[in-house]
Amino acid sequence: MTVNNLNKKAIQKQIFMINLLKLTTVVVAFVLVANVFLVSVGKFHLNSTTDLTKYISQANLKNEKIKAKRGYIYDRNGVVVAEDVQTYDIICHLDKNRLAPKGVVAYVDDPIKTSKELAPLLGMDEMKIYELLTKDLKQTELGTAGRKLSKEEMEAIDALNLNGIEFVESIKRNYPYGEFAPYVLGFAQANDNQSSTGVMGIELYLDRQLTGIDGSKSYQSDNAGFILPGMKSEIVDAQNGDDVILTLDLSLQESLETSFEMTMERFNSDRIWGAVMEIDTGRMLAYGQSPGFDLNEKEITEYTNYGSQYPYEPGSTMKAFTYAAAIDSGAYDTNVLVDSSTYCYAVDGKGGFYRVPTNDGRKVGCINNANKKSWGMIPYDMGLVYSSNTVTASIIDKLIAPSVYEDYLEAFGFFQKTDVDGISEAIGTKNYRYPADKIALSYGQGSTVTMLQLMQGYSAIFGDGQMVKPYFIEQIVDPYDDQDIKYQAQTTIVNDPITQETAQQMQDILYQVIYDEKGTGRFYKIDETQIIGKTGTTQVASLSGAGYNSGKTIASVMLALPYDDPKYMIYYAFEGDYDKNAHFNTEAINQLTRKVAQLYNLTDNINSAQENENDEVIDIKITDEIMPNLVNHTLEYSLKKTEELNLDVVIIGNGTQVLSQMPIADSNIKTNEKVFILTDNSNIMMPNMLGWTRSDVTKFWSLTNIAVKMDGYGKVTSQNITENSLISKNDEIELILE
Amino acid sequence: MAKIVRKKHVLRIERLAGLLLFTACLLSLGSSLFLGSFNNALSMKLQTFEEEIRTLEKYNEEARISIQGLSSKDRVINMATEDGMVMNQGNVVTVVDDGE
């Protein structure tokens with residue numbers, strides 16, 4: 001029993017111990033397993049009571065910035081004139097211990113060779129590069145010359161296989177048309193944030209709208225950079241900046257700049273400025289100046305925007321406002337004659353003045369027309385056509401009071417800001433106190449105005465009496481949805497200084513400026529359409545103060561077309577040494593006027609009328625037709641048929657019945673194309689082949705089988721057999737084509 | 001007898017259920033492993049393609065800029081002038097596309 005009991009106890013103890021051991025094992029195992037599970041599933045480390053979630057989310061986490069693109073700027077036809085482009089910056093690694101795969105040198109190991117080969121490609125001094133490459137730094141850049149490299153430049157350098165030279169991507173604001181309206185468009189420059197900020201012009205004015213919002217991307221990835229399922233990836237897309245559509249028309253702008261070059265070449269001008277504007281709306285289609293600058297190079301020599309910040313005495317283009325004031329206030333009578341000779345005046349002591357004879361003792365001053373010309377007693381209209389200073393002086397003396405003219409100038413917006421789309425501007429200086437000032441301003445001297453003011457003022461004269469504000473920004477559009485228009489320009493009617501009737505009467509006088517045989521603008525005529533306008537020539541006041549002895553003049557012209565309903569106005573001015581041919585050698589401006597006419601379909605028939613010797617206007621629309629069958633029909637029927645289709649018929653032979661035809665029936669034919677009809681196989685007269693094409697001659701040959709020898713290409717300029725002489729199959733016609 | 005038969009029947013269903021469960025677990029494990037790696041492979045492929053698209057887009061964009069530069073009016077005129085050609089403004093005719 002005892003033994004049994006003892007044994008039993010021992011056995012029980014053993015069993016207990018075993019169970020305890022089992023339990024301990026289970027508990028330990030459970031705790032271990034639980035801990036592992038807690039860590040892996042619950043993301044919680046029990047021993048250190050640490051929440052692991054945030055460590056996990058940070059592990060291997062990469063943050064990248066997604067660069068937003070600055071908005072595009074387009075011309076009115078959707079051509080990109082400003083855009084962000086991908087460029088490259090050079091990085092030179094100088095650290096000898098930089099990690100690299102076996103056999104690759106990952107730093108600049110040969111600064112002499114490297115600087116020698118880089119220098120010509122970067123346009124940098126070799127020594128300068130060498131200095132930078134031998135600095136005690138881990139890496140270096142090469143200054144501005146090493147930044148914003150184009151793909152081609154980058155590839156050229158990359159092809160040299162220089163050790164330690166690498167590239168990082170960067171963004172540059174690019175202006176594909178370089179000198180495109182730099183004073184309107186302006187430019188943006190790189191900032192510290194690896195994007196661009198507007199510095200000038202519309203790039204500055206609309207900087208907020210053009211600038212996008214950068215996005216970001218934070219993600220985890222495996223060693224190869226892949227984001228695997230379940231890994232964290234947060235992407236906030238970049239918001240690109242809004243796109244801007246300008247009113248400027250690239251092709252017209254290029255024409256304007258071509259005109260500047262021509263004027264520069266012909267007159268060696270110091271300054272040239274000009275613009276084209278849509279009269280009814282105020283849309284600026286072209287606007288520029290010379291000297292200008294290239295928006296990519298930014299070598300700026302002139303910061304003044306001549307069109308808005310350069311007030312000058314406009315000269316005779318101002319006379320239109322004197323006339324408009326007189327006509328609009330009802331004081332103007334076309335039948336009254338005025339003395340266009342030297343205008344001398346006396347003063348009344350109260351600021352007023354009146355005309356006196358040239359030899360009158362009371363006179364305090366006299367003014368003359370240009371070159372001291374006089375046309376005697378002329379109708380007032382001709383005063384504007386001949387651009388007479390003495391007549392405009394008479395207007396504010398006899399027809400309207402100087403104060404009335406002053407009020408009109410106010411109404412026409414002079415000496416005030418035009419407030420055009422963020423373009424900074426000067427307002428000009430009004431000198432209107434003394435009689436001499438008042439008389440001078442009647443022909444545009446003594447006070448200064450800007451081109452923008454002139455164009456705005458003229459919009460009333462060329463239009464229907466309403467003055468519209470010029471503008472440059474047509475639309476601001478969401479870059480992702482071109483239907484989402486964030487800004488749409490509206491035509492702004494600033495004022496209505498004159499009535500529609502006045503405007504019409506003014507346009508009729510301004511027509512004579514161009515088409516009267518003595519009109520000052522007679523050299524501005526173009527073939528495409530009829531125009532109206534006013535010229536101006538002003539001496540530039542010397543900087544030293546009173547007097548006009550600077551020797552410089554500003555020649556200018558304001559034109560509008562077409563004559564019967566002006567739609568576009570052109571202003572053009574150039575300043576330089578006096579040249580009496582300024583308004584005679586007008587090629588530069590005429591090519592611009594022609595461009596406007598052609599671009600906007602203003603070409604009317606006066607061109608063809610002049611070219612056609614019979615003065616007959618031919619205006620046939622060319623259409624595609626099907627050649628009818630004429631064979632076996634009468635000549636009469638064939639002529640009627642071909643006339644309906646406006647075809648040019650050549651009848652061969654004296655018969656009355658059509659034997660064969662070229663082109664054959666059912667072939668395609670165009671209006672005015674030659675059609676050959678053979679009516680007789682024997683009595684064939686030699687036609688006048690001058691002006692025929694090779695194809696015409698071939699058709700003639702295929703119908704008649706008379707041998708033809710053609711020499712040269714183009715059109716027939718001579719034939720060996722005279723017209724209307726009888727020819728037979730034995731003859732050989734010889735033709736020279738040019 | 002009848003009781004024994006019923007017991008056997010119950011046992012069969014349990015066994016079958018157990019077997020099914022086991023197979024299902026095995027399949028699930030297998031497929032999750034297989035699909036998981038397949039999914040990874042697909043995702044990597046997708047990202048490779050996306051990267052390729054980005055590279056090509058960049059290449060196209062750079063090509064567009066190159067074309068723009070090469071076709072610039074100034075460049076053409078410079079080349080023409082170098083070869084002795086002159087522009088006669090009087091002969092320039094602007095053709096307007098009415099179709100637009």
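Return the total of residues in the range A:578-595 being more than 9 Å from chain B (Cβ to nearest Cβ) and either of a type in the set (S, T, N, Q) or assigned to a helix (DSSP H, G or I) (or both).
6
Tell me whether the range B:71-84 contains one or more residues that are of a type in the set (Asp, Glu) and more than 10 Å from chain A (Cβ to nearest Cβ).
Yes, the conditions are met somewhere in the range B:71-84.
Scan the range A:156-167 and give yes if some residue there is surrounded by fewer than 19 Cβ atoms within 10 Å (Cβ to Cβ) and in a helix (DSSP H, G or I), otherwise no.
So far as the range A:156-167 goes, yes, one or more of its residues are surrounded by fewer than 19 Cβ atoms within 10 Å (Cβ to Cβ) and in a helix (DSSP H, G or I).
Residue-wise test of (1) buried (at least 20 other Cβ atoms within 10 Å of the Cβ); (2) of a type in the set (A, V, I, L, M); (3) more than 21 Å from A:HIS583 (Cα to Cα).
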residue: A:VAL494; (1), (2), (3): yes, yes, yes
residue: A:ALA503; (1), (2), (3): yes, yes, yes
residue: A:LEU510; (1), (2), (3): yes, yes, no
residue: A:TYR515; (1), (2), (3): no, no, no
residue: A:LYS518; (1), (2), (3): no, no, no
residue: A:TYR524; (1), (2), (3): yes, no, no
residue: A:ASP527; (1), (2), (3): no, no, no
residue: A:ILE531; (1), (2), (3): yes, yes, no
residue: A:THR535; (1), (2), (3): yes, no, no
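How many residues does the range A:143-153 contain that are within 14 Å of another protein chain (Cβ to nearest Cβ) and farther than 17 Å from A:ASP84 by Cβ?
Total satisfying the criteria: 2.
Filter the range A:287-308 down to the residues that are touching a Ser or Thr at 6+ places or on another chain (Cβ under 8 Å) and surrounded by 16 or more Cβ atoms within 10 Å (Cβ to Cβ) and list them by number.
A:SER290, A:PHE293, A:ASN305, A:GLY307, A:SER308, listed by residue number.
Do you know which of the residues in the range B:38-58 that are among the hydroxyl-bearing types (Ser, Thr, Tyr) and facing another protein chain (nearest Cβ under 10 Å) is surrounded by the fewest Cβ atoms within 10 Å (Cβ to Cβ)?
B:THR48
Of the conditions (1) at pLDDT 90 or above; (2) within 12 Å of A:SER308 (Cα to Cα); (3) surrounded by fewer than 18 Cβ atoms within 10 Å (Cβ to Cβ), A:VAL420 clears all except one; give me its number.
Every listed condition holds for A:VAL420 apart from (3).
With respect to A:THR334, determine if the residue is surrounded by 19 or more Cβ atoms within 10 Å (Cβ to Cβ) and within 25 Å of A:GLY533 (Cα to Cα).
no
Tell me whether the range A:87-94 contains one or more residues that are over 30 Å from A:GLN239 (Cα atoms) and surrounded by fewer than 14 Cβ atoms within 10 Å (Cβ to Cβ).
Scanning the range A:87-94, I find no residue that is over 30 Å from A:GLN239 (Cα atoms) and surrounded by fewer than 14 Cβ atoms within 10 Å (Cβ to Cβ), so the answer is no.
Select, from A:TYR323, A:TYR287, A:TYR312, the only residue that is among the aromatic types (Phe, Trp, Tyr) and more than 18 Å from A:GLY413 (Cα to Cα).
Just a single option satisfies the conditions, and that option is A:TYR287.
Checking the conditions here, which among A:ASP222, A:ASP192 is out of contact with any Pro (no Cβ under 7 Å at 6 or more places or on another chain), in a loop (DSSP other than H, G, I, E, B), of a type in the set (D, E, K, R) and away from chain B (no Cβ under 14 Å)?
Checking each option against the conditions leaves just A:ASP192.
Please specify each residue of the range A:225-246 satisfying the condition of being of a type outside the set (A, V, I, L, M), outside any strand (DSSP E or B) and within 12 Å of another protein chain (Cβ to nearest Cβ).
Residues satisfying the conditions are A:GLY225, A:PHE226, A:PRO229, A:GLY230.
Run A:GLU625 past the list (1) among the acidic types (Asp, Glu); (2) over 56 Å from the mean Cα position of the chain (by Cα); (3) part of a strand (DSSP E or B) and report the number of the one that doesn't hold.
Unmet for A:GLU625, out of (1) among the acidic types (Asp, Glu); (2) over 56 Å from the mean Cα position of the chain (by Cα); (3) part of a strand (DSSP E or B): (2).
The values are calculated or read from the model by the stated rules, or taken from the named source; none is laboratory data. Treat the numbers as computed from the prediction; the structure is a model and nothing was measured. Every residue, glycine among them, receives a Cβ derived from its backbone with ideal geometry; neighbour counts consider all protein chains shown.
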